[in-house]
Amino acid sequence: MKQLFLEFILMAIFIIISGTYLSKFGDIIADKSGLGQAFIGGILIAMATSLPELVTSISSALVGAPDIAVGNAFDSNTFNLVILAFADLLQGKGPLLLRVNYSHILSGLVGVLLSALVVFSLILSHFMNFNLSIFGVGVDSITLLITYIISVRMIYRYDQKNPLDPDDPVKEDPNPDYTLNKALMGFAICAVVIVFSGYRLTITADQISTLTGIDQSFIGSIMVAAATSLPELVATISAIKIGAYNMAVGNVFGSNIFNMTVIFFADLFYRQGVLLQDAKIVHILTATVGIVMATIILIGLFYRSRRSFMWMGWDAIAAAAVYFAGVYLLFQLGLNVI
């Protein structure tokens, strides 16, 4: 048991260090490539920090555990949105969403769309027994991947047409010692460390929860969800600390988008049937909690209220309240899916 806790702590430290540098290198790449913080955070960093969820879901699919594969994606999404509330608290006085660009509404809406598609698919497969597959992979999973690819192109084109602060004067390079290639290499190394450490952290968290007898409880479920979302937490907080607010918010929304494509890859490796057909209908509840949280944040991003309480915007407070209310509701129902 002691060895498991030591490994858990060590992997967490690796993620904290790597996540910190990941945000730093991401900021440099955004600056030197001209792609912008929103795109780098929403696509590049989001993919790197979401790879532990991908590996965990694929591993679950390989051993024939569809509920873990699907639940892992939705668990991480809801936890990621809580990260925004925590980031709002850390960034100082006033709402965090006042400091970021409107372009995040697009990525946020894509995340809601992908989650809604999964909910729709679960309803069709469980209540209408409607399932289509191609070579054993559900058409719904394929639709998720295609929608993701189209959305990434849309986000890229939108960011190119609507650059952040286009009228700002050209500033002196804040990182003259780093070339774009050097930053990309550093980013890749950090991503590899995060993938390995994140995967081991998730496995260790699961083993600890099993050995301590909390694997069937909400504590065990939240512990594993927190473990898979630690890279997003560290990367987002690190981005906040260096003032890369658009990268921080983009990372959360981008991770939630990528997490939905995890279902496709899990379905690809799930050979006992069609993934969403075999997953329990109860995942609709977790998905709905995530959709409501994302909608609240998107409303806050569009409305841009300056009102705050305890340094936090009311949108962040409301999203956090929905998360904990959802946890309590599912706990009362005896469902271990969030």
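Here are some residues: D88, D67, D31. Which one is in contact with a strand residue (DSSP E or B) (Cβ under 8 Å, 6 or more places away or on another chain) and in contact (Cβ under 8 Å) with a residue 40 or more places away in the chain?
Working: D67 fails: in contact with a strand residue (DSSP E or B) (Cβ under 8 Å, 6 or more places away or on another chain); D31 fails: in contact with a strand residue (DSSP E or B) (Cβ under 8 Å, 6 or more places away or on another chain).
Among D88, D67, D31, only D88 is in contact with a strand residue (DSSP E or B) (Cβ under 8 Å, 6 or more places away or on another chain) and in contact (Cβ under 8 Å) with a residue 40 or more places away in the chain.
Taking only pairs six or more apart or across chains, which ones have beta-carbon atoms under 7 Å, a first residue in the range 93-120 that is among the charged types (D, E, K, R), and a second residue that is in a helix (DSSP H, G or I)?
What qualifies is R99/Y245.
crowded, with 18+ Cβ neighbours inside 10 Å, among the hydrophobic types (A, V, I, L, M, F, W, C), touching a helix residue (DSSP H, G or I) at 6+ places or on another chain (Cβ under 9 Å) and not in a helix (DSSP H, G or I) - does that describe any residue in the range 313-326?
No, that holds for no residue.
Are any residues in the range 153-211 at pLDDT below 70, more than 30 Å from I105 (Cβ to Cβ) and not acidic (D, E), and if so, which ones?
Hits for the range 153-211 are P176, S209.
Keeping to the range 294-312, report how many residues are modelled with pLDDT under 80, surrounded by fewer than 16 Cβ atoms within 10 Å (Cβ to Cβ) and polar (S, T, N, Q).
First, the residues of the range 294-312 that are modelled with pLDDT under 80: 304-312.
Then drop every residue that is not surrounded by fewer than 16 Cβ atoms within 10 Å (Cβ to Cβ), which leaves 304-307, 309-311.
Those left that are additionally polar (S, T, N, Q): 305.
Matching residues across the range 294-312 total 1.
In the range 104-133, which residue that is hydroxyl-bearing (S, T, Y) and at pLDDT 80 or above is surrounded by the most Cβ atoms within 10 Å (Cβ to Cβ)? Steps first, answer last, please.
Here is the first cut: in the range 104-133, the residues hydroxyl-bearing (S, T, Y) are 107, 115, 121, 125, 133.
From what's left, at pLDDT 80 or above: 107, 115, 121, 125.
Values: S107: 28, S115: 24, S121: 24, S125: 21.
Among them, the one singled out is S107.
Within the range 78-98, identify whether any single residue is of a type in the set (V, I, T) and closer than 20 Å to F264 by Cα, and answer yes or no. Walk me through how you get there before you give the answer.
Step one: filter the range 78-98 for residues of a type in the set (V, I, T), giving 78, 82-83.
Adding the requirement that they be closer than 20 Å to F264 by Cα leaves 78.
So far as the range 78-98 goes, yes, one or more of its residues are of a type in the set (V, I, T) and closer than 20 Å to F264 by Cα.
Does M223 qualify as being in a helix (DSSP H, G or I), at pLDDT below 80 and not hydroxyl-bearing (S, T, Y)? Can you show your working first?
On the way: in a helix (DSSP H, G or I): yes; at pLDDT below 80: yes; not hydroxyl-bearing (S, T, Y): yes.
Yes.
The values are calculated or read from the model by the stated rules, or taken from the named source; none is laboratory data. The structure displayed is predicted, hence computed values, not measured ones. All Cβ positions, glycine included, derive from the backbone under ideal geometry; neighbour counts span all protein chains shown.
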